[in-house]
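Below is one structure, written out as structure tokens; the observations come after it.
The values are calculated or read from the model by the stated rules, or taken from the named source; none is laboratory data. Treat the numbers as computed from the prediction; the structure is a model and nothing was measured. Neighbour counts run over all protein chains shown; Cβ positions are idealised from the backbone, glycine included. Just the protein is used for accessible areas: all its heavy atoms, side chains included, with ligands, DNA and RNA removed. Shrake-Rupley method; radii C 1.70, N 1.55, O 1.52, S 1.80 Å.
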Amino acid sequence: MEVGSELVRGGQETYPALLSRLSEHSVAKHYDAFADIAWDDEAFAIRADDPRWILPRVGLGASAWYCALDPATRARLGLHVVVTTMTVGVQFENILTRGLLKFVARLPPDNPEARYGYHEIIEESQHSLMFQEFVRRSGLRAPGMTGVLAKIGERVVNTAAWFPELFFVFVLGGEDPIDHAQRDALASDRNHHPLAARIMKIHVTEEARHLCFARAFLREHVPRLGRVRRALLGLLAPIILGVMAEIMMRPSRHLQREYAIPDVVIDDVYGSAEHRQRTQAALRKVRDLCDDLGLITFFTRPLWRLLGPWSAA
Ligand SMILES: [Fe+2]
Ligand SMILES: [Fe+2]
């Protein structure tokens, strides 16, 4: 990449200027998982029967099965959903940071992607500390991604070195749905547990930079890809985004077993048009980006429809 002092081109901030700005923001506004969260404050204590963990009335939380549970079980299941999401978050961030380390290792020091990459690695590591501490204090455990998904995750780490455009689609596939869910939750009038609200606010603030970087990276680099890589990216993007959204948005098998959630309830909630709309809303920004980049074509559109991230509207 050309690294120059040009900050604006055609009235638009240049890619190097944007990365420098994101790096400066990371210096000016960042959080430490332990210095900036009052973990030992009594108001932050985690109790599994706290009614503030009860799921909101959407998806599983709106099902007749869930509403018929006693309040303590509804709260514990709600907390367990949070614990599962945070466990998957730690695993995702582990893959992300290892991939970013491989990515920055190949860059010269004067490439602004190298500096910003390190800022993001540091921030993601603070997020992992924060999520891990929440899980530790909750007393609940979740296996997160296991088996095939864990093996695929290991492969994703290496794509950061040989096919970073594919790696950043994976990054958006994980970050965008969680960011969407956290922004929705913070904007709602729900009575959040203060620890959950604090963690979400910190995460949303720093993820805004990470999402901005991933999108700008793809806008900068995808147009320069050769035909084969471009076709591969167009084919894999809807698969990655569809699978990632499902991992982030539906309860794990472990939770289904632990709370004996009937298959019919899962099928009803997650096979519904409403769930499909929620998935599409969570992936809308990344899908629109892929569309702008010319990755959604006559040949790949059916795959986007089939896997969920494309609205027919
Ligand atoms: Fe994060
Ligand atoms: Fe992130």
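Looking at the structure I just gave you, is residue 93 at pLDDT 95 or above, open to solvent by less than 20 Å² (accessible area, probe 1.4 Å), within 16 Å of ligand 1 (Cβ to nearest atom) and among the acidic types (Asp, Glu)?
On the way: at pLDDT 95 or above: yes; open to solvent by less than 20 Å² (accessible area, probe 1.4 Å): yes; within 16 Å of ligand 1 (Cβ to nearest atom): yes; among the acidic types (Asp, Glu): yes.
So residue 93 fits the description; yes.
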Name the residues in the stretch 240-257 that are more than 15 Å from the chain's Cα centre (by Cα) and surrounded by fewer than 17 Cβ atoms within 10 Å (Cβ to Cβ), would you?
253, 254, 256, 257
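Residues checked against (1) modelled with pLDDT of 95 or more; (2) in contact with a Lys or Arg (Cβ under 6 Å, 6 or more places away or on another chain); (3) within 16 Å of ligand 2 (Cβ to nearest atom):
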| residue | (1), (2), (3) |
| --- | --- |
| 187 | yes, no, no |
| 190 | no, no, no |
| 195 | yes, no, no |
| 205 | yes, no, yes |
| 219 | yes, no, no |
| 234 | yes, no, no |
Got a number for residues in the stretch 144-162 being crowded, with 24+ Cβ neighbours inside 10 Å and modelled with pLDDT under 95?
0
Out of 124, 165, 175, I need the residue that is within 17 Å of residue 94 (Cβ to Cβ) and either more than 16 Å from ligand 2 (Cβ to nearest atom) or at pLDDT 95 or above (or both). Which one?
124
Show the residue pairs meeting these rules: Cβ distance below 7 Å; 6+ apart or different chains; first residue within the stretch 215-227 and touching a residue at least 24 places away in the same chain (Cβ under 8 Å) and more than 10 Å from residue 165 (Cα to Cα); second residue open to solvent by 30 Å² or more (accessible area, probe 1.4 Å) and of a type outside the set (Ser, Thr, Tyr).
none
If you go through the stretch 33-43 one residue at a time, do you hit one that is touching a helix residue (DSSP H, G or I) at 6+ places or on another chain (Cβ under 8 Å) and buried (at least 19 other Cβ atoms within 10 Å of the Cβ)?
yes
Checking the conditions here, which among 137, 155, 106, 98 is of a type in the set (D, E, K, R), on the phi < 0 side of the Ramachandran plot and within 16 Å of ligand 1 (Cβ to nearest atom)?
98
For the structure I just gave you, tell me whether residue 221 is away from ligand 1 (no atom under 15 Å from the Cβ) and more than 19 Å from residue 249 (Cα to Cα).
yes
